[in-house]
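Working notes, beginning with the structure itself.
The values are calculated or read from the model by the stated rules, or taken from the named source; none is laboratory data. Just so it is clear, the structure is predicted and the values come from calculations on it, not from any experiment. Cβ: placed from backbone, ideal geometry, glycine included. Neighbour counts: every protein chain shown.
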Amino acid sequence: MDYRVILAKVSLFSRMKEDDLKRIAELVRVNNYNEGNVIIHEEDRDRRLFIIMFGNVEVIKNLGTKKETIIGSFGPLSYFGEMSLIDDAVRSASVVATEETRVLTIDQLDLLEEIKRYPEMAIELLQELSQRIRMMEKTLINTLGSFLPVCANCRKIRGKDGAWTSIEKYISDHSDTEFSHSLCPKCATILYPEITFDEH
């Protein structure tokens with residue numbers, strides 16, 4: 001299968017040139033998960049980017065404990081774990097498949113090797129990541145009513161006390177809002193017609 005078709009429909013790679021997409025598509029690996037399978041464990045040092053071909057996952061803090069909290073979900077053509085392409089920090093939450101799910105993965109080391117050979121790829125990726133951070137800043141300002149500095153690398157927020165905390169923790173401490181990025185069934189069908197999507 002030509003994974004360029006899928007990558008081109010994922011926002012993270014939407015600014016990439018055709019040749020760069022082709023090179024990244026050659027790095028892709030396919031993984032299948034059944035309902036209930038843990039894809040990422042919180043605190044793991046998993047250095048992969050995940051792109052959902054089909055299925056659905058939930059992002060969960062403190063999985064399996066009394067403090068377990070679902071903080072978001074992702075559907076087809078969503079991606080998660082993108083910051084692992086930049087840093088070596090541990091995973092901030094677990095990710096669990098809520099139904100049969102197929103994901104594409106790209107390993108950090110494989111991508112970095114390609115970027116060394118083709119540095120312009122880094123610019124294309126950073127442009128999209130920067131756009132996402134700007135959107136998050138705007139959302140936070142609208143939701144919480146103030147300007148909040150967001151780190152361009154780890155996406156932590158600097159609070160009034162000067163301390164840096166994760167976006168998830170800041171939002172949970174200051175509002176009832178939860179974040180998730182995905183595609184609605186209508187848009188997913190338009191962008192990805194070869195797969196049938198549920199309306200729920």
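Selection of the range 15-54 for residues being more than 18 Å from residue 85 (Cβ to Cβ) and of a type in the set (Asp, Glu) yields 18, 19, 35, 42, 43. Name the single residue, out of those in the range 1-14 being surrounded by 17 or more Cβ atoms within 10 Å (Cβ to Cβ) and not hydroxyl-bearing (Ser, Thr, Tyr), that is nearest to residue 84 (Cα to Cα). Restricting to residues being surrounded by 17 or more Cβ atoms within 10 Å (Cβ to Cβ) and not hydroxyl-bearing (Ser, Thr, Tyr), the top hit is 12.
Of all the residues in the range 15-49, those that are surrounded by 14 or more Cβ atoms within 10 Å (Cβ to Cβ) and over 13 Å from residue 102 (Cβ atoms) number 17.
Regarding residue 57, is this residue without any contact (Cβ under 8 Å) to a residue 12 or more places away in the chain, surrounded by 12 or more Cβ atoms within 10 Å (Cβ to Cβ) and hydrophobic (A, V, I, L, M, F, W, C)? Taking the combined requirement at face value, the residue does not satisfy it.
Take the residues in the range 60-88 that are hydroxyl-bearing (Ser, Thr, Tyr) and in a strand (DSSP E or B), then tell me which one is surrounded by the most Cβ atoms within 10 Å (Cβ to Cβ). Filtering the range 60-88 for residues that are hydroxyl-bearing (Ser, Thr, Tyr) and in a strand (DSSP E or B), the one surrounded by the most Cβ atoms within 10 Å (Cβ to Cβ) comes out as 79. Of the residues screened, residue 52 is not one that is in contact (Cβ under 8 Å) with a residue 24 or more places away in the chain, farther than 17 Å from residue 101 by Cβ and not in a loop (DSSP other than H, G, I, E, B). For the range 92-125, filtering for residues that are part of a loop (DSSP other than H, G, I, E, B), at pLDDT 85 or above and either among the β-branched types (Val, Ile, Thr) or crowded, with 17+ Cβ neighbours inside 10 Å (or both) leaves 2. The requirement of being acidic (Asp, Glu), closer than 30 Å to residue 64 by Cα and part of a loop (DSSP other than H, G, I, E, B) is fulfilled somewhere in the range 32-40, by at least one residue.
With respect to (1) modelled with pLDDT of 65 or more; (2) in contact with a Lys or Arg (Cβ under 8 Å, 6 or more places away or on another chain), the lone exception for residue 154 is condition (2).
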